[in-house]
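Heads up, the thing below is written out as structure tokens.
Read the figures in this text as sums done on the coordinates, not as results from a lab. Since the model is a prediction, treat every value here as computed from it, not as a measurement. Backbone-built Cβ (ideal geometry, glycine too); neighbour counts: all protein chains shown.
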Ligand code: FAD
Ligand code: UDP
């Protein structure tokens with residue numbers, strides 16, 4: 001009875017399903033392997049009534065008014081600007097590195113021009129900036145690179161920064177002013193009732209049915225709609241015919257403490273000693289008031305659910321081989337972070353899905369329906 005099966009109920013799948021149903025009037029079956037909607041952005045209340053992010057901290061930020069307008073149909077917003085400290089040399093200092101970071105770490109009192117001169121004196125020119133090591137060393141020099149980036153990146157990716165594309169560490173800017181926000185996007189806010197509530201509203205439509213704990217690739221072709229939106233790992237769709245495309249995973253440890261607050265900011269990064277990369281205290285992010293507090297520790301791992309595409313040339317080359325197969329699939333559209341192997345933030349996935357829908361809608365005649 002459905003026109004489409006959407007595999008995956010994360011941002012990519014939810015946007016596609018919502019657009020197919022609301023704009024085209026198509027009947028959509030959304031399936032997810034997991035027992036919940038929202039993909040990696042899923043949040044829920046724990047046994048103590050604290051709202052937490054099951055798959056690590058998800059902070060919404062974007063420069064796109066169109067994406068905010070689209071999502072605002074399904075949620076209100078609570079303004080929130082994320083701040084992160086890094087535990088370095090026994091101190092807690094702002095990351096992205098800014099003037100305060102330099103002054104605290106080196107016992108200095110530099111002004112903005114002084115901080116810029118400090119970094120310029122340490123930056124090491126690199127002929128062609130290709131790797132995640134190059135991009136940092138060229139901006140701030142080797143000593144700060146080693147303190148803040150090398151250890152964290154090795155933990156997070158199981159690779160040295162010199163083995164990763166520049167795009168990975170280039171996500172983190174360097175500043176010479178006192179701006180200690182993690183992001184500088186024009187819109188920074190959290191869905192006011194949480195992500196899962198927003199997803200529930202996106203998928204609440206008479207033409208959308210949701211089936212959880214269902215593997216969309218295991219359904220026999222004659223028992224599912226002919227047309228598919230696929231948002232899972234692209235290599236799994238093709239049975240890994242060209243070999244396994246690497247994705248990085250994480251193990252999350254959620255701990256609730258009998259005190260209202262644990263740390264001064266939403267996230268503290270641990271680039272040096274610990275085997276976790278960061279601790280997030282989600283109350284800072286949700287704004288929830290509660291006598292207890294929940295922390296999330298992130299332990300990077302090669303095993304487990306696929307969370308991150310790993311940006312490096314050989315993986316990009318392997319992805320291209322899968323992408324060529326994907327282009328030849330007449331009835332399946334590949335959307336999202338896993339299916340297009342892009343290290344995308346949530347807003348970028350929404351933007352990609354909206355653009356994919358536009359192309360799809362232009363290419364396929366709409367099915368005329370007789371009003372019931
Ligand atoms: P996903 O959310 O991964 O959804 C894909 C879904 O498909 C999954 O639910 C999966 O179960 C399902 N699936 C896969 N295969 C099948 C199958 N065969 N059958 C049925 N279902 C299947 N972005 C930000 O903007 N800000 C942040 O602060 C931020 N923090 C992050 C922190 C962490 C730890 C991680 C891992 C990511 C973070 N992101 C953040 C990125 C964000 O999670 C993604 O951009 C977004 O969730 C991707 O949505 P998606 O729909 O492409 O994929
Ligand atoms: N990074 C780092 N030290 C930090 C923060 C980030 O080395 O304190 C590097 C690391 O390689 C990380 C990348 O920058 O994977 C991107 O960081 P971001 O916080 O954007 O990662 P995400 O939230 O996507 O896991």
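Expressed per residue, the C-alpha convex hull volume of the chain stands at 154 Å³. Once divided by 2.2 N^0.38 Å, the Cα radius of gyration of region 73-192 becomes 1.16.
Taking the Cβ of each residue in 290, 284 as the centre, tally the other Cβ atoms inside 10 Å and list the residues starting with the fewest.
Values: 290 14, 284 20.
Neighbour counts put them in this order, fewest first: 290, 284.
Given R₀ = 41 Å, FRET efficiency for residue 121-residue 22 by Cβ-Cβ distance, to 0.05? Spell out each step's value before the answer.
On the way: r = 56 Å, r/R0 = 1.37.
Rounded to the nearest 0.05, the efficiency is 0.15.
Here region 201-329 has an Rg and Dmax of 20.1, 56 Å, counting Cα atoms alone. Separation of region 297-372 from region 24-103 is 20 Å, based on Cα centroids. Rounded to the nearest 5, the antiparallel percentage of DSSP beta bridges internal to region 1-111 is 65%. Between the alpha-carbon centers of region 163-214 and region 144-161, tell me the distance in whole angstrom. Computed from Cα coordinates, the inter-centre distance equals 23 Å. Remark on region 186-226: Rg and Dmax equal 15.4, 47 Å (Cα only). Beta bridges assigned by DSSP with both partners in the chain are antiparallel in approximately 65 percent of cases.
So if we plug the beta-carbon distance of residue 242 and residue 361 into 1/(1 + (r/R0)^6) with R0 = 30 Å, what FRET efficiency do we get, rounded to 0.05?
Working: r = 31 Å, r/R0 = 1.02.
Given R0 = 30 Å and the Cβ-Cβ separation, E is 0.45.
With the helix formula -39500 (n - 2.57) applied to DSSP H stretches of n ≥ 4, the chain reaches a computed 222 nm mean residue ellipticity of -8500 deg cm²/dmol.
To one decimal place, what orientation-averaged projected area in nm² is obtained for the convex hull of the Cα set of region 1-146? Mind showing how you got there, number by number?
Details: hull surface 58.6 nm².
Taking a quarter of the hull surface, the average projection is 14.7 nm².
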